[in-house]
Every structure is written in structure tokens, then in C-alpha cells.
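The values are calculated or read from the model by the stated rules, or taken from the named source; none is laboratory data. Only a predicted model underlies this, so the values are computations on that prediction, with no experimental measurement involved. Keep in mind that these areas ignore ligands, DNA and RNA; they rest on the heavy atoms of the full protein, side chains included. Shrake-Rupley method; radii C 1.70, N 1.55, O 1.52, S 1.80 Å.
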Amino acid sequence: AGSTVGSSPGYHLRLAQGDATNLNLSDGTFDVVVCSMFLCQDFDPEVVVGEIRRVLKPGGRFGFYEHVEDIDKLIVGKVFGERSVIRVQAYPEMTNVIAGVVRKV
């Protein structure tokens, strides 16, 4: 089941429950997709990120906050293939949390 929540004028949030490895959404649906501590679940993150890329519009952005080692290399190198990522990593000697934003071109 899905629902749309109106927020600021011109912005709509769409909440939907489904299978992250096979999103029941049209190509190029979203301007932004964000996930946090999600790609470490029991599925192939390459498949999930591929689905995220598919549903993003050209120029759309994918933001992530994860603790999977080198997940940014998977997201950018294998799936997105672009080098337009902003990587944020604080205290790498103390934690393996990685955050970033990648733009679909």
C-alpha cells in the first residue's frame, strides 16, 4: 500500500511498501531516493542500488548513509558508473560509516 503526503508547495512524499530488489515503480519516477543503514540487509545491494538508479530521473540524486565497507565503490563504480559522488566519512579509524550523494547522469 502506498500513500502520498503533501509537504511544502511543489513537494510530495510518496511512501510505499515493497520488495527493494524488484520495485513496482516506473523508470524515472523520483527526483531523490534516500536510504540509511538499509543496504546491509539480507539481499544483494547491487540489485537494490540498480533498482534505485532505475527509478531515479536523469539528474536525480541518491543519498546513502551506510556501514557497509566500500559501499560507495559499489554504488558509484558498479551501478551508477559516474564519478559525481560526495563522500563523507568522519573518523575512519573509529567507524566504518560512510555517507554520500550520487547524481544520475
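A few comments on the model shown:
- Within the range 68-98, the set of residues being modelled with pLDDT under 70 and outside any loop (DSSP other than H, G, I, E, B) comprises V76, V85, I86, R87, V88.
- If you go through the range 1-15 and pick out every residue that is open to solvent by less than 70 Å² (accessible area, probe 1.4 Å) and either part of a strand (DSSP E or B) or modelled with pLDDT of 65 or more (or both), you end up with 4.
- Residue in the range 23-41 that is modelled with the highest pLDDT, counting only those that are more than 18 Å from D72 (Cα to Cα) and open to solvent by 50 Å² or more (accessible area, probe 1.4 Å): D27
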